[in-house]
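The values are calculated or read from the model by the stated rules, or taken from the named source; none is laboratory data. Everything numeric here is computed off the predicted structure, so don't read it as measured data. Positions of Cβ are generated from backbone atoms using ideal geometry, with glycine treated the same way; all protein chains shown enter the neighbour counts. Remember, those area values only see protein heavy atoms, side chains included, never the ligands or the DNA or RNA. Shrake-Rupley method; radii C 1.70, N 1.55, O 1.52, S 1.80 Å.
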Amino acid sequence: FCSAVFPPCRCALLLFLAGMALHLGHLSGEVLRGLGAPRWPLFSQIVAFPVTVASLMLLLPRWSILGAGVRSLLAYSTATLVSLMGVRRLCQLTWGELLPTKTEYIVLMDVVRSALARLKR
């Protein structure tokens, strides 16, 4: 289904974004463990579990592999958000201090665009 409706590069981009969320969640989980709060990573996985189950039940029958990719993005993003909430609370940071600035985001997107351009060659 994915290749029939969405080009393969779109499906790959979806999984790339899911992978970014997954790794940011792992990183924030390790930060939380280092700060002496190992329960937060557990909480993040507990919160992400129903998202995983529900999204698989809803999306997999309809969208096949694309549904699994969307499920990955939703579940990993949910777990990451909970972990980031833990880092924010323990370090007493605002969301503005924790998340990338507009300039950092632009630089990151430039790096991603140049990497994608190299893949197209």
Contact list, first residue from segment 79-107 and open to solvent by 80 Å² or more (accessible area, probe 1.4 Å), second anywhere and of a type in the set (Lys, Arg), beta-carbon distance below 9 Å, six or more apart or interchain, is Trp95/Arg88; Glu97/Arg88
For the list (1) over 30 Å from Ala115 (Cα atoms); (2) free of Cβ contacts under 8 Å to residues at least 24 places away in the same chain; (3) not β-branched (Val, Ile, Thr), I need the number of the one condition that Met20 fails.
(1)
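Just to be sure before I move on: is Leu42 surrounded by fewer than 17 Cβ atoms within 10 Å (Cβ to Cβ), more than 11 Å from Thr78 (Cα to Cα), among the hydrophobic types (A, V, I, L, M, F, W, C) and without any contact (Cβ under 8 Å) to a residue 12 or more places away in the chain in the structure I sent? Working first, answer last.
On the way: surrounded by fewer than 17 Cβ atoms within 10 Å (Cβ to Cβ): yes; more than 11 Å from Thr78 (Cα to Cα): yes; among the hydrophobic types (A, V, I, L, M, F, W, C): yes; without any contact (Cβ under 8 Å) to a residue 12 or more places away in the chain: yes.
Against the criterion (surrounded by fewer than 17 Cβ atoms within 10 Å (Cβ to Cβ), more than 11 Å from Thr78 (Cα to Cα), among the hydrophobic types (A, V, I, L, M, F, W, C) and without any contact (Cβ under 8 Å) to a residue 12 or more places away in the chain), Leu42 qualifies.
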Yes or no: segment 65-75 includes at least one residue that is of a type outside the set (A, V, I, L, M), at pLDDT 90 or above and open to solvent by 50 Å² or more (accessible area, probe 1.4 Å).
no
Say whether the condition of being surrounded by 17 or more Cβ atoms within 10 Å (Cβ to Cβ), small (Gly, Ala, Ser) and over 20 Å from Glu30 (Cβ atoms) is met by at least one residue in segment 45-55.
yes
Do any residues in segment 45-57 that are within 16 Å of Gly69 (Cβ to Cβ) have Cβ atoms under 6 Å from those of residues that are crowded, with 17+ Cβ neighbours inside 10 Å and at pLDDT 95 or above, where the two are at least six apart or on different chains, and which pairs are they?
Ala48/Ala75; Ala48/Thr78; Ala48/Ala79; Val51/Leu74; Val51/Ala75; Val51/Thr78; Thr52/Ala75; Ser55/Leu74
Does segment 19-36 include one or more residues that are on the phi > 0 side of the Ramachandran plot and at pLDDT 95 or above?
yes
Looking at (1) aliphatic (A, V, I, L, M); (2) touching a residue at least 24 places away in the same chain (Cβ under 8 Å); (3) more than 22 Å from Met109 (Cβ to Cβ), which is the only condition Leu60 fails?
(2)
